[in-house]
Amino acid sequence: MEFGLSEELLAMKQAARDFTEKEIVPYADKWDEEHYFPVDVVKKMGELGYYGCPIPEEYGGTDVGFLAQVLLTEEVGRGSSSVRVAFNTQCLGTALSILRHGTEEQKKKWIPGLISGEKIGCFAITEANAGSDVVAMKSTAKPDGDGFILNGSKTWISYASRADVAVTYAYHDREKGTKGLSAFILDMHSDGVTTADLDKVGTRSSPTSEIFFEDVKLPGDALLGKLGDGVKICFGSLNQTRLCCAAGGVGLAQACLDAAVQYCNEREQFGKPVGKFQMNQEQIAVMAADIEAARLLTYRAAWQKDQGQLGNTLEMSYAKYYAGEAATRCAHTAMKILGAYGYSTEYPLARYYRDAVLYEIVEGTSNIHKMIIGMDQLGYRKANR
Ligand code: GRA
């Protein structure tokens, strides 16, 4: 077993931390308050090669692997959960799916622009009545000549209203059940595609939208993979995007610990820094151990992917479940330590607290991940297949 990060990975992590401290942290509260989407920062991260870690160089990636992607995501997530989403919209939920299932033409057409940040992406799975129950989606893509006619809607789609391209899912044939679900690469500027932004408790500088499809003409080359590959592509993709959420949860939890440690050392009560009180020490210790556990589970899942195990659903569920819950636990504990200063909107902890809850909801709720783990442990259904 090898737990150390290489010099190269450590340098990448540090560079991402420096970038986040300089370009994101000073502005993140204001962006959040104003519901402002910092598109220039998202694009700049593309120029820096942040999104291309698992993508070969011939398509504009850096080919340095999933663990590298996790380290960058964690550091950006430490500054802003809203900007963190870009790792999914530009790469893990879009470019990576196209890389794994697309034709050479599709790869050349879409991947470089997503990785460079020139084009904003999104991945659209969820519908009003199909959240945890993905295959209950109702959108249809009826075969029509060489192409398809897309109808239906999606909801809770990150970056959709700013996106140039979406990887989306719809039934080409409902009669065939799950074999009738297909994946598509949708040009978001197509006629018949409209979006409406939704408001949220947190991650307010990450636009989240409904998408409506009204008789959208999809050309034949919009089909990703083969007809009926939708379930395989969708769950295969979720197993990669969950890595980004786990890493984001670790980053946010670390930001909470950082805020709590700083406060414990600066704030004095009863004649000494509040960190000298054992109850605060206990809370700091529990947070630190929680974060280490979440981080190791997340790094392990990334490492497995770097060994070629992209179908590591079980280990991915451990990481996503644990990191999501660690994020909310740490946000809550930090809030108790900072007291009124935590509750004040003057400090970023209030934003971390609002953002943290999301990590238990997106990319499979904590309950879904516990179900996947529980069924595997009980021998009812293997998670890794
Ligand atoms: O037997 P079949 O051929 O009909 O196939 C079924 C099943 O085998 C079919 O899906 C297959 N399947 C899988 N295939 C490959 C299920 N899981 C996998 C897998 N891991 N790999 C339908 O299955 P079903 O009977 O309807 O459901 P189920 O198998 O009992 O449970 C599926 C489950 C609940 C685990 C699944 O639907 C799930 O994971 N739901 C959670 C959905 C989710 O994660 N949504 C995230 C939305 S995207 C998002 O949050 C964006 C965030 C952006 C950001 O912040 O980064």
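The values are calculated or read from the model by the stated rules, or taken from the named source; none is laboratory data. Please read these numbers as outputs of a predicted model, since none were measured by experiment. Counting neighbours? That spans all protein chains shown, and the Cβs are built from the backbone with ideal geometry, glycine included. Ligands, DNA and RNA are stripped out before the accessible areas are found, and what is left, the full protein with its side chains, is counted by its heavy atoms. Shrake-Rupley method; radii C 1.70, N 1.55, O 1.52, S 1.80 Å.
Look through the stretch 332-363, keep the residues that are within 16 Å of the ligand (Cβ to nearest atom) and open to solvent by less than 20 Å² (accessible area, probe 1.4 Å), and return whichever of them is farthest from the chain's Cα centre (by Cα). Applying the filter and picking the extreme gives Arg351. From the list Leu252, Leu224, the lone residue that is in the same structural domain as Ala130 (by TED's automatic domain parsing), touching a helix residue (DSSP H, G or I) at 6+ places or on another chain (Cβ under 6 Å) and buried (at least 20 other Cβ atoms within 10 Å of the Cβ) is Leu224. Scanning the stretch 110-136 for residues that are in contact (Cβ under 8 Å) with a residue 24 or more places away in the chain, over 22 Å from Ser206 (Cα atoms) and surrounded by fewer than 17 Cβ atoms within 10 Å (Cβ to Cβ) yields a single hit, Val135.
With Leu257, Leu186, Leu181, Leu150 as the choices, which residue is closer than 25 Å to Thr20 by Cβ and in contact with a helix residue (DSSP H, G or I) (Cβ under 9 Å, 6 or more places away or on another chain)? When all the criteria are applied, what remains is Leu257. Being touching a residue at least 12 places away in the same chain (Cβ under 8 Å) and over 24 Å from Ser6 (Cβ atoms): is that true of Lys44 here? So Lys44 fits the description; yes. Of the numbered criteria (1) buried (at least 24 other Cβ atoms within 10 Å of the Cβ); (2) under 20 Å from Phe19 (Cα atoms), the one Thr94 fails is (2). Check the stretch 270-287 and report whether any residue there is of a type in the set (A, V, I, L, M), under 24 Å from Ile361 (Cα atoms), out of contact with any Lys or Arg (no Cβ under 8 Å at 6 or more places or on another chain) and open to solvent by less than 30 Å² (accessible area, probe 1.4 Å). No, the conditions are met nowhere in the stretch 270-287. I'd like to check which strands (runs of 3 or more DSSP E) are fully inside the stretch 66-182 and have at least 1 residues that are on the phi > 0 side of the Ramachandran plot and more than 14 Å from the ligand (Cβ to nearest atom). It comes to 147-158. Quick one: is Val193 touching a residue at least 24 places away in the same chain (Cβ under 8 Å), out of contact with any His (no Cβ under 7 Å at 6 or more places or on another chain) and surrounded by 17 or more Cβ atoms within 10 Å (Cβ to Cβ)? Here the answer is no, as Val193 does not meet what is asked. Pairing each residue of the stretch 59-74 that is without any contact (Cβ under 8 Å) to a residue 24 or more places away in the chain with any residue that is outside any loop (DSSP other than H, G, I, E, B) and open to solvent by less than 10 Å² (accessible area, probe 1.4 Å), provided the two are 6+ apart or on different chains, yields C-beta distances under 8 Å for Thr62/Gly52; Thr62/Ala68; Asp63/Gly52.
Scanning the stretch 229-249 for residues that are open to solvent by 10 Å² or more (accessible area, probe 1.4 Å) and either part of a helix (DSSP H, G or I) or within 10 Å of the ligand (Cβ to nearest atom) (or both) yields Val231, Lys232, Phe235, Gly236, Leu238, Arg242.
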